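Asks: Provided herewith is a single structure, encoded as structure tokens, for subsequent inquiry.
The values are calculated or read from the model by the stated rules, or taken from the named source; none is laboratory data. Predicted, not measured: the structure shown is a model, and the values here were computed from it. Neighbour counts are summed over all protein chains in view; Cβ atoms, including those assigned to glycine, are modelled from backbone coordinates with ideal geometry.
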């Protein structure tokens, strides 16, 4: 009798594990990611903060699952596929493109910000845009130097 | 390398001070002049020095840091911009800031993909 009960318990826990594994499958995570993007867009169009909050909560849940499985993300998303997501060449191109983009973008937003702030008497309505650009540039610099310090320590 | 770093700090302080003053006095020409002079000093020093200004490790660190900064920055400004636009009824004062950040995010992505295409071709696609 006890053996039969134990078998039933094993079967039930097996079903629960199977259901749980669906939530951790690559396809489910991809669908969830598309759904979250849809929520962002819907929230933006409707101007509804609650939809965006729901998207944020789902995003946090997604991030938690990805963080737990951070060591076998490739296995989850690629399964049997032999497609290489990023090889050394792609990595090199990404890094070079990012360096160039960073330099030009920051320079342009600083110049644009300075011009808009300097012209505040002629175009007072654009003063906020100028300040926003300068603040964004400062934020970008903070991110850059923080990650630079991190990689300096890492290498 | 140390001399170059000191020079860069001095140039940065000079440019920041002049630009700050020019913004206060609303003199745009002074700001542009200061930026051009600062860039020229840095460029001329780089051209004429025999010092090793950047080794492979520094270049690698810089590239990796740029990538990380670009990723985090683009996500952050896209989200912040979106929030400002969404809250346009509650906080109408920040709508312009929201649009500015959103357009900046679009420009950033556009620039990134242009350079990605360029380097993709350069390193043989």
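Asks: Kindly indicate which of B:35, B:85 is touching a helix residue (DSSP H, G or I) at 6+ places or on another chain (Cβ under 8 Å), assigned by TED's automatic domain parsing to the domain that holds residue B:115 and at pLDDT 85 or above.
Replies: B:85 is the lone residue from the list that is touching a helix residue (DSSP H, G or I) at 6+ places or on another chain (Cβ under 8 Å), assigned by TED's automatic domain parsing to the domain that holds residue B:115 and at pLDDT 85 or above.
Asks: Can you give me the number of residues within the stretch B:9-29 that are more than 17 Å from residue A:134 (Cα to Cα) and buried (at least 16 other Cβ atoms within 10 Å of the Cβ)?
Replies: Residues in the stretch B:9-29 being more than 17 Å from residue A:134 (Cα to Cα) and buried (at least 16 other Cβ atoms within 10 Å of the Cβ): 1 in total.
Asks: Here's another thing I want to ask about it. Return the only residue of A:118, A:61, A:136 being surrounded by 18 or more Cβ atoms within 10 Å (Cβ to Cβ) and modelled with pLDDT under 90.
Replies: It is A:118.
Here is a yes/no grid of residues against (1) farther than 24 Å from residue A:92 by Cβ; (2) in contact (Cβ under 8 Å) with a residue 60 or more places away in the chain; (3) outside any loop (DSSP other than H, G, I, E, B):
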site: B:9; (1), (2), (3): yes, no, yes
site: B:71; (1), (2), (3): no, no, yes
site: B:90; (1), (2), (3): yes, no, no
site: B:93; (1), (2), (3): yes, no, yes
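Asks: State which residue pairs qualify: first residue more than 9 Å from residue A:55 (Cα to Cα) and inside the stretch A:23-42, second residue modelled with pLDDT under 75 in any location, beta carbons under 6 Å apart, and separation of 6 or more residues or different chains.
Replies: A:26/A:76; A:26/A:77; A:28/A:22
Asks: Does residue B:117 satisfy the criteria of being assigned to a helix (DSSP H, G or I), under 17 Å from residue A:135 (Cα atoms), at pLDDT 90 or above and more than 7 Å from chain A (Cβ to nearest Cβ)?
Replies: no
Asks: Go through (1) touching a residue at least 24 places away in the same chain (Cβ under 8 Å); (2) at the interface with chain A (Cβ under 7 Å from one of its Cβ atoms) and name the single condition residue B:31 misses.
Replies: With (1) touching a residue at least 24 places away in the same chain (Cβ under 8 Å); (2) at the interface with chain A (Cβ under 7 Å from one of its Cβ atoms) applied to residue B:31, the lone miss is (1).
Asks: Between A:109, A:93, A:134, A:104, which is farther than 13 Å from residue B:26 by Cα, more than 9 Å from chain B (Cβ to nearest Cβ) and assigned to a helix (DSSP H, G or I)?
Replies: Answer to the selection: A:134.
Asks: Next question, about the same structure. With within 11 Å of chain B (Cβ to nearest Cβ) and modelled with pLDDT of 80 or more as the only criterion, which of A:51, A:31, A:36 stands out?
Replies: Answer to the check: A:51.
Asks: Now a separate question. Being out of contact with any strand residue (DSSP E or B) (no Cβ under 9 Å at 6 or more places or on another chain), modelled with pLDDT of 90 or more, exposed (fewer than 15 other Cβ atoms within 10 Å of the Cβ) and not assigned by TED's automatic domain parsing to the domain that holds residue A:38 is the requirement here; does residue A:106 meet it?
Replies: Criteria not met by residue A:106.
Asks: Here's another thing I want to ask about it. Scan the stretch A:121-131 for residues that are within 17 Å of residue B:30 (Cβ to Cβ) and surrounded by 16 or more Cβ atoms within 10 Å (Cβ to Cβ) and jot them down.
Replies: A:130
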